[in-house]
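Read through the structure below, which is laid out as structure tokens, and then see the notes.
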């Protein structure tokens, strides 16, 4: 059984009917509005439905932060970027540019000690 990402309500419905899917992850802005209805549909076939408005990402280095922010953002979710390195490793101009890029994408750069649970990691 696998986790499947749905980018629309229609795609979620299709995935609820697909074989081998244990969890449908609603990854679209209005997914919160559909979560209850889709969860009810999923119960009938034994498939869980989940909606999250943000994800927590561990960032291991300044290079990983820069590379991650350059990649296309494939989710609507706000990404909280928890830096596991001293932000002082970046000069003020570099940090300001990366923060501006993150904010433009709807993301936040945060100190690593604030992290509780990570969804994924950017290594480089």
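Computed from the coordinates by the stated procedures, all read-outs in this text should not be read as laboratory data. Quick caveat: nothing in here was measured; it's all calculated off a predicted structure. Note: ideal-geometry Cβ built from the backbone for every residue, glycine included; neighbour counts use all protein chains shown.
A few comments on the model shown:
- Ranking of 123, 58, 117 by count of other Cβ atoms within 10 Å, fewest first: 117, 123, 58
- A Förster radius of 30 Å, combined with the Cβ-Cβ distance separating residue 60 from residue 2, puts the computed FRET efficiency at roughly 0.65.
- Computed from the C-beta positions of residue 14 and residue 121 and an R0 of 30 Å, the FRET efficiency is 0.50 to the nearest 0.05.
- Once the Kirkwood radius over Cα pairs is known for region 54-122, the Stokes-Einstein relation at 4 °C and 1.567 mPa s delivers a diffusion coefficient of 109 µm²/s.
- With the simple spin-label model, which puts each label point 7 Å out from Cα in the Cβ direction, the residue 97 to residue 75 separation comes to 2.7 nm.
- Ranked by how many other Cβ atoms sit within 10 Å of their own Cβ, fewest first, the residues 77, 71, 48 fall in the order 71, 48, 77.
- Radius of gyration and maximum dimension Dmax of the chain, Cα, Å: 17.1, 54
- Residues considered: 53, 20, 106. Largest GNM mean-square fluctuation over the chain, using C-alpha springs under 10 Å, is found at 20.
- Distance from the alpha carbon centroid of region 1-51 to that of region 57-124 works out to 28 angstrom.
- Max mean-square fluctuation residue, GNM over the chain, Cα-Cα springs under 10 Å, options 105, 81, 114: 114
- Footprinting exposure proxy for 36, 61, 56 (fewest neighbouring C-beta atoms within 10 Å first): 36, 61, 56
- The modelled label-to-label distance between residue 89 and residue 44, using points 7 Å beyond Cα along the C-beta direction, is 5.1 nm.
- Pair-distance distribution P(r) for region 2-51, from all Cα-Cα distances in 10 Å bins starting at 0: 33, 62, 5 percent.
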